[in-house]
Amino acid sequence: MAFAAREELTLGSPWINAAGSLGFAPGGDWPVPIPQGAFVTNPISLRTRAPAEDRTLIEYPGGFLLHTGVVNPGLGEVIKRYASRWARSMLPVWVHLLADSPEDVLQMVQELESLEGVTAIVLGVPPRTYGEQALSLVAAAGSERPLVVEVPLTAAGDGWIGRLANLGVAALSLAAPRGALPNAGGEIIGGHLVGPGLFPQVLAAVRLARRARLPLIASAGVYTREQGEALLQAGAWAVALDGVLWRGWEE
Amino acid sequence: MPKIACELVELRLGIDGLEGTLALPANIRPQPGQYLFGFALGQSEALAVALFPAGPSGELMRVAPPLPSSWAAGMQLQIRGPLGSGFRLPPGARRVALAPLGCGPERLLPLAYLALAQDAAVALFSSAIPDGLPSAVEIIPPEQLPDALDWADYLALDLAQGWLARWQSAAGLREGQKLPFFGQALVRVPVACGGLGECGVCAVRTRSGWSLACKDGPVYDLAELER
């Protein structure tokens with residue numbers, strides 16, 4: 001399969017927000033005294049996703065588990081509400097897409113094609129999607145825009161990650177893994193993990209994923225400037241902040 | 001929104017956990033039902049905590065329980081806010097009913113002070129009597145909340161998780177019967193992002209669709225809430 005040349009992925013600062021941390025459009029809510037290099041939207045699916053019935057937040061030492069159902073109004077509605085803000089944004093906007101079929105990926109990428117302000121597409125590989133299935137989603141995202149592929153940091157050492165560079169991928173984002181915890185009623189709830197307790201895992205994942213020969217974005221576990229700088233020193237191209245943006249930055 | 005440091009000057013253990021007193025700068029005065037979002041500096045906490053006022057507005061803000069057990073008096077907190085929409089006590093309200101359902105009454109206490117200041121009679125339907133409750137507030141057992149339908153002209157509820165679907169029966173309303181006066185509820189849901197992330201964990205179903213309690217709530221008109 002041949003791929004069209006994509007635009008170059010650039011950042012003015014290696015510090016960005018993780019998908020899901022700051023909503024769907026830039027709003028000036030960047031509490032960190034380091035410039036923000038890009039704005040990454042919340043994950044967006046083709047169709048509306050309502051809140052999960054059993055949505056919850058469960059704290060544990062070192063972080064918290066968040067189960068929400070990846071709430072979003074669907075790509076069409078997101079474009080209607082936010083495209084003008086993306087176009088006016090002083091920051092490059094990376095639109096994060098969530099899709100579980102190549103057809104959906106293709107349709108979503110095409111709907112974004114003509115929008116101003118969108119400088120990259122981030123394709124989030126859905127949970128429990130690996131190997132050829134994941135690669136088929138990536139291959140469907142044909143666009144002139146740079147493509148960032150986001151995988152859980154636990155996939156950093158998987159063999160299929162090494163094939164992303166050949167698919168024209170511009171960068172690999174290593175995101176927070178999923179986990180499970182009992183809720184107050186004792187029911188086991190799955191969700192994605194957030195918190196400084198993930199830092200050792202993301203640092204190890206960055207070291208492991210260097211063999212992918214792609215710029216790496218460390219998208220979990222960073223709560224301090226020192227942690228972010230350690231990741232950059234270890235080979236990360238950028239650091240994406242998540243929970244610390246909600247909690248507040250401390251220096 | 002600027003970040004502001006303030007001191008946790010006092011901490012007490014109450015029935016519902018730790019409650020405290022914050023020394024606030026002059027420009028930070030959350031309204032009843034609004035919250036501040038804060039964390040303790042130097043403690044490596046992953047999440048900020050929603051801090052609800054539990055007393056009259058002023059330089060020293062009494063904070064409703066529960067506060068994290070790792071917090072101690074004298075700690076410096078970094079806060080932002082006030083966040084969310086709070087209670088809107090009608091200026092003409094003269095008989096105000098306050099009722100916590102499944103939780104302590106502290107988050108409703110700022111309303112009691114406001115109501116007394118406008119010469120309203122205030123009834124608190126609660127089995128717990130919080131410290132510092134003004135003597136003018138009448139304490140009534142929670143089982144008598146249905147009596148408020150014949151007496152009050154404003155009702156404020158604090159709904160613990162799981163009570164959103166049951167407040168009507170607790171208030172003595174029959175199926176399909178509407179509250180005969182204006183009422184509001186503070187809906188207790190987990191808040192992670194303090195209005196920044198639109199993550200959806202605090203989503204509340206309303207007549208006009210899903211609403212995020214972190215920024216559009218946590219106080220809603222009772223007529224707007226869906227089960």
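Restricting attention to the stretch B:105-187, which GluC sites (Glu not before Pro) occupy a DSSP loop and are surrounded by at most 11 other Cβ atoms within 10 Å? Write out the running numbers ahead of the final one.
Working: sites: B:Glu106, B:Glu138, B:Glu143, B:Glu175; in loops: B:Glu175.
Counting only loop positions with at most 11 other Cβ atoms within 10 Å, the GluC sites (Glu not before Pro) in the stretch B:105-187 are B:Glu175.
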*Filter the GluC sites (Glu not before Pro) in the stretch A:61-113 to those in DSSP coil with at most 13 other Cβ atoms within 10 Å of their Cβ, and list the result.*
A:Glu113
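With viscosity set to 0.692 mPa s and temperature to 37 °C, compute the Stokes-Einstein D of chain B, Rh being the Kirkwood radius across alpha carbon pairs; µm²/s, no decimals.
Working: Rh = 17.8 Å.
Translational diffusion coefficient: 184 µm²/s.
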*When the C-alpha atoms of the stretch A:59-119 are aligned to their principal axes, what extent does each axis show, in angstrom, from largest down?*
44, 32, 18
*asked:* From the C-alpha coordinates alone, can you work out the Kirkwood hydrodynamic radius of the stretch A:47-187, in Å?
replied: 16.6
*When only Cα pairs under 8 Å and 6 or more residues apart are kept, what is the percent relative contact order across chain B?*
18
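At 222 nm, what helix-only mean residue ellipticity would chain A give, in deg cm²/dmol to the nearest 500, using -39500 (n - 2.57) for each DSSP H run of four or more? All intermediate terms of the calculation are to be shown ahead of the outcome.
Numbers: 6 runs with 60 residues, N = 251.
The helix contribution divided over chain A gives -7000 deg cm²/dmol.
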*Please identify the helices of chain A, taking whole runs of DSSP H, that span at least 27 Å along their own axis as judged from the Cα atoms and have a mean Kyte-Doolittle score of 1.6 or higher.*
none
_If the reach is capped at under 24 angstrom between alpha carbons, list the lysines near B:Lys215, excluding any in the same chain fewer than eight residues apart._
A:Lys80, B:Lys3
_Sparse-neighbour loop sites [trypsin sites (Lys or Arg not before Pro); the stretch B:84-193; at most 11 other C-beta within 10 Å; DSSP]_ = B:Arg174, B:Lys178
*Give the distance, in whole Å, between the Cα centre of the stretch B:148-227 and the Cα centre of the stretch B:47-126.*
16
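If Lys and Arg each add +1 and Asp and Glu each add -1, what is the summed charge of the other residues whose beta carbon sits under 13 Å from the beta carbon of A:Asp104?
On the way: positive: A:Arg47, A:Arg49; negative: A:Asp100, A:Glu103, A:Glu111.
Summing Lys and Arg as +1 and Asp and Glu as -1 gives -1.
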*Summing Lys, Arg as +1 and Asp, Glu as -1, what charge do residues with Cβ under 10 Å from the Cβ of A:Ala18 carry, A:Ala18 excluded?*
-2
*Over the stretch A:94-184, relative contact order from alpha-carbon pairs under 8 Å, at least 6 apart, %*: 28
*On average, how much accessible surface per residue is there in the protein assembly as shown, in Å², for a 1.4 Å probe, leaving out ligands, DNA and RNA?*
41
*Relative contact order of chain A: what whole-number percent is it, with Cα pairs under 8 angstrom and at least 6 residues apart?*
21
_If you take the accessible area of A alone plus B alone and subtract the pair, what total do you get in square angstrom, rounded to 100, with a 1.4 Å probe?_
2100
*Give, rounded to the nearest 20 debye, the magnitude of the charge dipole that chain A has about its Cα centre when Lys and Arg contribute +1 at Cβ and Asp and Glu contribute -1 at Cβ.*
260
*asked:* Over all directions, the average projected area of the alpha-carbon convex hull for the protein assembly as shown comes to how many nm²?
replied: 22.8
*Take the Cα coordinates of chain A, assign each an equal point scatterer, and use the Debye formula without solvent to give log10 I(q)/I(0) at q = 0.18 Å⁻¹.*
-1.59
*Can you pull the one-decimal nm distance between simple spin-label points at A:Ser136 and A:Arg211, each 7 Å off the Cα toward Cβ?*
2.6
*Where the accessible area of the stretch B:60-206 is counted over protein heavy atoms with a 1.4 Å probe, how much of it, in %, is carbon and sulfur?*
52
*If we count every other residue with Cβ under 15 angstrom of B:Arg88's Cβ, Lys/Arg +1 and Asp/Glu -1, where does the sum land?*
-4
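In deg cm²/dmol, rounded to 500, what helix-only [θ] at 222 nm does chain B give when every DSSP H run of at least 4 residues adds -39500 (n - 2.57) and the total is split over its residues? Intermediate results must be reported in sequence, preceding the final value.
Working: 3 runs with 17 residues, N = 227.
That calculation yields -1500 deg cm²/dmol at 222 nm.
Dipole magnitude of the stretch B:174-227 about its Cα centre, charges +1 at Lys/Arg Cβ and -1 at Asp/Glu Cβ only, in debye to the nearest 20? Don't jump to the answer; show the numbers that get you there.
Values: 7 positive and 6 negative charges, 32 e Å.
Magnitude of the dipole: close to 160 debye.
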*With N denoting the number of residues in the stretch A:10-114, provide Rg(C-alpha) divided by 2.2 N^0.38 Å, to two decimal places.*
1.16
*Dipole of the protein assembly as shown, Cα-centred, from +1 at each Lys and Arg C-beta and -1 at each Asp and Glu C-beta, to the nearest 20 debye?*
600
_Compute a Gaussian network model of chain B, connecting alpha carbons closer than 10 Å, and tell me which residue from B:Phe181, B:Phe125, B:Phe39 fluctuates the most._
B:Phe181
*Send over the Kirkwood Rh of the stretch B:127-227, from the inverse of the averaged 1/r over different Cα pairs, rounded to one decimal Å.*
15.0
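The values are calculated or read from the model by the stated rules, or taken from the named source; none is laboratory data. Just so it is clear, the model here is predicted, and its values are computed rather than measured. We place every Cβ from the backbone using ideal geometry, glycine too, and count neighbours over all the protein chains shown. What goes into the accessible areas is simple: the full protein's heavy atoms, side chains included, and nothing from ligands, DNA or RNA. Shrake-Rupley method; radii C 1.70, N 1.55, O 1.52, S 1.80 Å.
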